[in-house]
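Student: I have a structure here, written as structure tokens, and I will follow up with some questions on it.
The values are calculated or read from the model by the stated rules, or taken from the named source; none is laboratory data. Owing to the predicted nature of the structure, the values given are computational and were not obtained by experimental measurement. A quick note on method: Cβ atoms are made from the backbone with ideal geometry, for glycine too, and the neighbour counts reach across all protein chains shown.
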Amino acid sequence: MILIGNDRLKTEDFLSFDFAWENAAKAKGPELQATWASLSIKVGSTVVTEFVDKRSKSLRSALYLPLYPLAEWIADNWWFLAAEVDRVGKPALQFERRHNIRYAREGFALPSLTITKIGECTRLAWNKYELSNPDILFNQEGDCLLKAASVRQSLYDFVEAVITRLLESGISDTPLQEQWAGIQETDEEEIHFCETVARLGVDPYAIDNREAGAVVLKASKIRPELVDDFFSLVDSSNFEVEIDQLNEAANTVANDDTADDSFSGIKKLAPRLSPMQTPWETGYEYASMLRKTLGTGMLRTTTFDDMAKNLQINNPSMAIIERTSSVGKMIDAVIGVNKKRKTRILLNKQLPASKKFVFCRALFDYLTLPEGSFSVISKLKNEQQQMNRAFAAEILVPHQIFF
């Protein structure tokens, strides 16, 4: 596990649901009675379910509740938890309902724990959270990254355990069991479709045939490496138009025929990317290594031309394609290779300060992604965007200046 604060835990730590089945004669509904349990949720050694019982003035770590509602919430939001990425401008409450387990309460107590995919990792964030009924305070707060596959497995195992309990109790054909069976029967092509639709913030099982066809059609026209980002960026109510705008921006780069290679100097000197504990640290460290290689030290850039000179970028104006049509507020830049196999950056930012920052973010993608790849600089909160933001901040204003 990777904590985002100053502390670190061992990388083998994971999200765990520790529970023991309990007798619940007073619970209403057979699925609630059958799945009544004591539950502790842990991230590494941190007990996220730790709470203060205000009535007894005691500190406890286990909750007593039916596990069926939480398992059903996981199944209902399976594709969102697997694929949906947060971004600036996304409706916060709707996103929270799909990613925070407290919305699985159904009258019982659960902590505020948000689960969000950000790439190869999943971000877990838990906050202090007070309830009036029952009168308790969840007193833990934290923020960390775990391997996405590990989190997915923990969620999967939890749902499987609840369904096994239902079957052992002679209970079948519940909404949870039907939903989970459908998820397990999904083939590879359907998984790709469900995750693509989930990135729009739309339930894959609620989309109509016309919209489903439009998703498949639009996805088929996008470069494979851009599909995830494009569908994560657009508004579900206008996704067809916005996907076309983004695709047009990428095609503008691809159809450019400028032969100048502005990046040949820096490409030869670029260090290898060494992943650190967090995406932010990776971006900062890469900028520091590049500065050392270039011999720029703590030199602070002022103008765009100064920046290009320090980075050994030749004729930088030839590397940039100025925005020729509207791509809205969804992206800040598109970077890719043109007809001559030369790297070009389409900028959607015109102000000098933001232009330098976005250019450097794009430069990070150019230096670290597979040669010839296309990428977008955007407001997504995924690993790549976090790394290129940190890189740009450090390359433009080294943190040593402030110490």
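Student: I need the full set of residues from the stretch 48-72 which are surrounded by fewer than 19 Cβ atoms within 10 Å (Cβ to Cβ) and of a type in the set (A, V, I, L, M, F, W, C), in order please.
Tutor: Correct list: Val52, Leu59, Ala62.
Student: Looking at the structure I just gave you, is Thr296 part of a loop (DSSP other than H, G, I, E, B), surrounded by 13 or more Cβ atoms within 10 Å (Cβ to Cβ), modelled with pLDDT under 85 and out of contact with any Gly (no Cβ under 8 Å at 6 or more places or on another chain)?
Tutor: Spelling it out, Thr296 is indeed part of a loop (DSSP other than H, G, I, E, B), surrounded by 13 or more Cβ atoms within 10 Å (Cβ to Cβ), modelled with pLDDT under 85 and out of contact with any Gly (no Cβ under 8 Å at 6 or more places or on another chain).
Student: Right, next: Which residue is farthest from Lys90 (Cα to Cα), if the candidates are limited to the stretch 367-379 and must be surrounded by 19 or more Cβ atoms within 10 Å (Cβ to Cβ) and touching a helix residue (DSSP H, G or I) at 6+ places or on another chain (Cβ under 6 Å)?
Tutor: Phe374
Student: Could you list all residues from the stretch 266-322 that are basic (Lys, Arg) and either in contact with a Ser or Thr (Cβ under 6 Å, 6 or more places away or on another chain) or farther than 18 Å from Ala393 by Cα (or both)?
Tutor: Lys267, Lys268, Arg272 - these are the residues of the stretch 266-322 that are basic (Lys, Arg) and either in contact with a Ser or Thr (Cβ under 6 Å, 6 or more places away or on another chain) or farther than 18 Å from Ala393 by Cα (or both).
Student: Would you mind listing the strands (runs of 3 or more DSSP E) fully within the stretch 96-156 where at least 1 residues are without any contact (Cβ under 8 Å) to a residue 40 or more places away in the chain and over 13 Å from the mean Cα position of the chain (by Cα)?
Tutor: 112-117, 121-127, 129-132
Student: Taking strands (runs of 3 or more DSSP E) that do not extend beyond the stretch 330-399, which have at least 3 residues that are touching a residue at least 12 places away in the same chain (Cβ under 8 Å) and more than 24 Å from Thr116 (Cα to Cα)?
Tutor: Output list reads 331-337, 343-347.
Student: Take the residues of the stretch 107-161 that are of a type in the set (Phe, Trp, Tyr) and crowded, with 22+ Cβ neighbours inside 10 Å: which is farthest from Ala20 (Cα to Cα)?
Tutor: Among them, the one singled out is Trp126.
Student: Criterion first (on the phi < 0 side of the Ramachandran plot and part of a helix (DSSP H, G or I)) does Thr164 satisfy it?
Tutor: Yes: the conditions hold for Thr164.
Student: Among (1) in a helix (DSSP H, G or I); (2) of a type in the set (Ser, Thr, Tyr); (3) at pLDDT below 90; (4) surrounded by 16 or more Cβ atoms within 10 Å (Cβ to Cβ), which single condition is Ser288 missing?
Tutor: (3)
Student: Report whether or not Ser232 is under 23 Å from Ser373 (Cα atoms), modelled with pLDDT under 95 and not assigned by TED's automatic domain parsing to the domain that holds Pro66.
Tutor: When the stated conditions are applied, Ser232 passes them.
Student: Can you tell me which of (1) buried (at least 17 other Cβ atoms within 10 Å of the Cβ); (2) out of contact with any helix residue (DSSP H, G or I) (no Cβ under 7 Å at 6 or more places or on another chain) is the one Glu31 doesn't meet?
Tutor: Here Glu31 meets the rest and fails (2).
Student: Give the residue, chosen from Asp229, Asp256, Asp208, Asp244, that is over 24 Å from Ile118 (Cα atoms) and in contact (Cβ under 8 Å) with a residue 60 or more places away in the chain.
Tutor: Every option except Asp256 fails the conditions.
Student: Based on what the data block shows, is Ala82 in a helix (DSSP H, G or I) and either modelled with pLDDT of 95 or more or touching a helix residue (DSSP H, G or I) at 6+ places or on another chain (Cβ under 6 Å) (or both)?
Tutor: Considered against the rule, which asks whether it is in a helix (DSSP H, G or I) and either modelled with pLDDT of 95 or more or touching a helix residue (DSSP H, G or I) at 6+ places or on another chain (Cβ under 6 Å) (or both), Ala82 comes out as yes.
Student: Given (1) exposed (fewer than 15 other Cβ atoms within 10 Å of the Cβ); (2) free of Cβ contacts under 8 Å to residues at least 40 places away in the same chain, identify the lone condition not met by Val215.
Tutor: Every listed condition holds for Val215 apart from (1).
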